[in-house]
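A.B. asks: This is the structure I have questions about; it appears just below.
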Amino acid sequence: MDEEALRISRQIGERRGEMKVLVKLGMDWVALGDFNRASDTLRQAVALVRETQAVPVALDALSELALVKSKEGQVERAVEWLSFVAQQAVITS
């Protein structure tokens, strides 16, 4: 279902929708333990932030990427990314 939503979002040029679906797919890959696919998918979402200005969605993607890094044993990297997300949350609130 998410794959179909991603295809449609791309087909009609709805970049913000595409970004949201990519984050959802990334979260699904994390839950399934496929960290390589999760990382690739979430990075695609983050790459759309300049075009969409969807900063909150990008922060969600970065949070999930931090989770991936943590599960891969890269705890320091995960903490760095979560610190960045927390700082951005303070700035935007």
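The values are calculated or read from the model by the stated rules, or taken from the named source; none is laboratory data. None of the values given here were measured: they were computed from a predicted structure. When we count neighbours, we look across all protein chains shown, and the Cβ atoms used for this are built from the backbone with ideal geometry, even at glycine. With ligands, DNA and RNA removed, areas are computed over all heavy atoms of the protein, side chains included. Shrake-Rupley method; radii C 1.70, N 1.55, O 1.52, S 1.80 Å.
A.B. asks: Leu22: open to solvent by less than 80 Å² (accessible area, probe 1.4 Å), within 15 Å of the chain's Cα centre (by Cα) and farther than 24 Å from Ala89 by Cα, yes or no?
C.D. replies: On the way: open to solvent by less than 80 Å² (accessible area, probe 1.4 Å): yes; within 15 Å of the chain's Cα centre (by Cα): yes; farther than 24 Å from Ala89 by Cα: no.
Judged against the criteria, Leu22 is not a match.
A.B. asks: What are the residue pairs meeting all of these: first residue in the stretch 3-16, first residue assigned to a helix (DSSP H, G or I), second residue loosely packed, with under 12 Cβ neighbours inside 10 Å and not β-branched (Val, Ile, Thr), Cβ atoms under 8 Å, and 6 or more apart or on different chains?
C.D. replies: Pairs that qualify, where the first residue is assigned to a helix (DSSP H, G or I) and the partner is loosely packed, with under 12 Cβ neighbours inside 10 Å and not β-branched (Val, Ile, Thr), are Arg15/Glu51.
A.B. asks: Take the stretch 32-51 and flag every residue that is closer than 14 Å to Ser63 by Cβ and either open to solvent by less than 10 Å² (accessible area, probe 1.4 Å) or of a type in the set (A, V, I, L, M) (or both).
C.D. replies: Ala38, Leu42, Ala45, Val46, Val49
A.B. asks: Restricting to the stretch 17-64, and then to whatever is in contact (Cβ under 8 Å) with a residue 24 or more places away in the chain and of a type in the set (Val, Ile, Thr), can you tell me which residue is farthest from Trp81 (Cα to Cα)?
C.D. replies: Thr52
A.B. asks: Are there any pairs with C-beta distances below 8 angstrom linking a residue in the stretch 66-85 that is aromatic (Phe, Trp, Tyr) to a residue that is open to solvent by less than 90 Å² (accessible area, probe 1.4 Å), with the two at least 6 apart or on different chains, and if so which?
C.D. replies: Within 8 Å, the pairs are Trp81/Leu62; Trp81/Ser63; Trp81/Leu65; Trp81/Ala66; Trp81/Lys69; Phe84/Leu62.
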